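Here is the structure we will look at, set down as structure tokens.
The values are calculated or read from the model by the stated rules, or taken from the named source; none is laboratory data. Because the structure is predicted, anything quoted here is derived from the model rather than measured. With ideal geometry, Cβ positions are generated from the backbone for all residues, glycine too; neighbour counts draw on all protein chains shown.
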Amino acid sequence: MVFLNCQTFVASGVTLTIQKGTTIKASGSTNGKAPVLVIQQGGKINAVGTADEPITFTSAVAPAEYKDVSKHPYGLWGGLIICGKAPINTRGTKIVEGIEEGGKGTYGGNDPTDNSGTLQYVRVWHGGAVIGKDNEINGITFAGVGKGTKVSHIEVAFNADDGVEFFGGTVDVKYMSVMYAEDDAIDTDEGYQGRIQFAFVVLGKNSHHGTEMDSKEEKDANDQTRSFPQLYNALFVSHLQHSPESRMSDDLIPAVMRLREGTGGEFGNIIMTNVVNVGIHQDKCAGEIRTSNLPRPEFGRPGYLWFSQNNIIYGPGMAFQLNPGCGGISNIIRDDPNLGSIPSEPDPTMLAIDPRPLPNGAAFENIDQVPQDDFFEDVTFKGAFGSEESGNWLQKFSFLSVADKLYYSGTPEVKRVVQKETVTVTSTSKEQDDSLAAIIGGIVGFVALVGIICSAYMFYQRALIKRQYDRLVSDFQRSQMEMEMSSRTGSVAGATV
């Protein structure tokens, strides 16, 4: 175990190696500065964990027993910041948010292949800090980080600001989990042009967006390099009582995804579920081409935003809320994605969750082909997971696994129960053989009973969610009818759909 008591910097030419299984515990803020680990330009981090022995950044005062999840604090320390020399669209270099010491948080440059090291099976919990307006510390910040940096299997949970933020750069990420961020789960900005595959996001009741994807903050979003994230195979689990209360955001628009400031990008094999307000809110558009048509554009990047018509947005809310000047994305699939077990209110206190799609469901139909390059993996499903047991890459590694919240429907659940105890019986006589047979028979009966109970629970959960969904749809339709009747009588000045 390692303790982090201050803002710690890894200088240029230095490589910080963190052994697998290491836990770094941070103290609270001192003198107004939240403890944070900063990899400076030219420095490297070599943090290679495994599913069995992940590397954990957390607070020294965070709950010791994660199975008691009645309350999880946010913002107990800072976070992990990596600064690289890859391009950003504000030209030159900038100082990263959250770091006030002169020059130590510089990022940006002209090397898209810049290498800041390796993150593998790294999780960051209970972080995030607000320094001031537009100056916060995220769970993990990639600031001008290049594609020579290797990142896979990262998780941010219970962060007071954004979960993972990309300020420009070209770094690619595979297998990313963000849960219960107070602000946005995934944030891209300043000309980020990287690739992301297999992303899993769970929004709490008061979380903000699943993504906030920007290009730049100045008025003309066309005059510099446009952000162009390529996001394939993502699952966004919203909350049927979703009502953002983020302390760090410039708005409280209750949308799962927000696309703005002229961002381009590609979005395929996406699933959003529990969408009670809006699936996609888009504003501050520029001259980018916006389309859902198939096939995706083959030329013109980064000057287009393609959101595949094969993506699924499921729930009683609207699929799109497009501000004037942001037309183009229109077609979408509204079918139930048939996921294993998704609570309608996926709070930390939920009994269990199984994000894998059921075989032969909508998640296995009309699959978008991923770009054929050296990063993306060919898939047969939408969302972040396959249906097989090995397809759940959250096992052992994620907070959900540590808290015993991962649910395995059907046979895999029975296997998990049986494997919790291993009993060895040695038989030396016929009587003992008969006794052993009786014991085995009892175990088989117990396993069968467990399987029946688990299956019954799964059907109960799905029925409960269906009833809640139908009720919300009915309420939504009734409110729409009331608004329409009111507008006919002149009592409503206007309505936005």
**Asked** So which residues in the stretch 144-160 are in a loop (DSSP other than H, G, I, E, B) and farther than 21 Å from Q40 by Cα?
**Response** F158, N159, A160
**Asked** Considering only residues of the stretch 284-332 that are of a type in the set (A, V, I, L, M, F, W, C) and in a loop (DSSP other than H, G, I, E, B), which is nearest to K382 (Cα to Cα)?
**Response** I332
**Selection count, the stretch 20-59, where residues are in a loop (DSSP other than H, G, I, E, B), polar (S, T, N, Q) and in contact (Cβ under 8 Å) with a residue 12 or more places away in the chain** = 6
**Prompt:** Got a number for residues in the stretch 192-217 being in a strand (DSSP E or B) and of a type in the set (D, E, K, R)?
**Reply:** 2
**Request:** Answer with yes or no whether I140 is touching a Leu at 6+ places or on another chain (Cβ under 7 Å) and within 24 Å of P302 (Cβ to Cβ).
**Result:** yes
**Request:** Go through the stretch 111-157 and give me each residue that's modelled with pLDDT under 95 and either surrounded by fewer than 24 Cβ atoms within 10 Å (Cβ to Cβ) or at positive phi (or both).
**Result:** H126, G128, V130, I131, G132, K133, D134, N135
**Prompt:** Regarding T349, is this residue among the polar types (S, T, N, Q) and touching a helix residue (DSSP H, G or I) at 6+ places or on another chain (Cβ under 7 Å)?
**Reply:** no
**Residue list for the stretch 358-396, filter: under 28 Å from A157 (Cα atoms) and in contact with a Leu (Cβ under 9 Å, 6 or more places away or on another chain)** = L358, A363, K382, G383, A384, F385, S387, N392, L394, Q395
**Prompt:** G327 fails exactly one of the following numbered conditions: (1) at pLDDT 95 or above; (2) closer than 19 Å to F307 by Cα; (3) not acidic (D, E). What is the number of that condition?
**Reply:** (1)
**Message:** Being in contact with a Cys (Cβ under 7 Å, 6 or more places away or on another chain) and either in a loop (DSSP other than H, G, I, E, B) or farther than 20 Å from T15 by Cα (or both) is the filter here; which residues of the stretch 78-119 pass it?
**Reply:** V96, G105
**Message:** Looking at V171, V202, V164, can you tell me which residue is in contact with a helix residue (DSSP H, G or I) (Cβ under 9 Å, 6 or more places away or on another chain), at pLDDT 95 or above and not small (G, A, S)?
**Reply:** V202
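Okay, residues lined up against (1) crowded, with 21+ Cβ neighbours inside 10 Å; (2) farther than 17 Å from Q309 by Cα:
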residue	(1), (2)
R334	no, no
P346	yes, yes
P357	yes, yes
N366	no, no
D374	no, yes
T380	no, no
**Request:** Looking only at the stretch 32-48, count how many residues are small (G, A, S) and buried (at least 22 other Cβ atoms within 10 Å of the Cβ).
**Result:** 2
**Message:** Anything in the stretch 300-314 that is farther than 16 Å from Q369 by Cα and of a type outside the set (A, V, I, L, M)? List them, or say none.
**Reply:** G300, R301, P302, G303, Y304, Y314
**Item:** P63 being at pLDDT below 85 and crowded, with 18+ Cβ neighbours inside 10 Å
**Value:** yes
**Asked** Any residue in the stretch 294-312 that is assigned by TED's automatic domain parsing to the domain that holds G391 and under 30 Å from G75 (Cβ atoms)?
**Response** no
**Prompt:** If you take the residues in the stretch 1-14 that are surrounded by 13 or more Cβ atoms within 10 Å (Cβ to Cβ) and in contact with a strand residue (DSSP E or B) (Cβ under 6 Å, 6 or more places away or on another chain), which one is nearest to T58 (Cα to Cα)?
**Reply:** L4
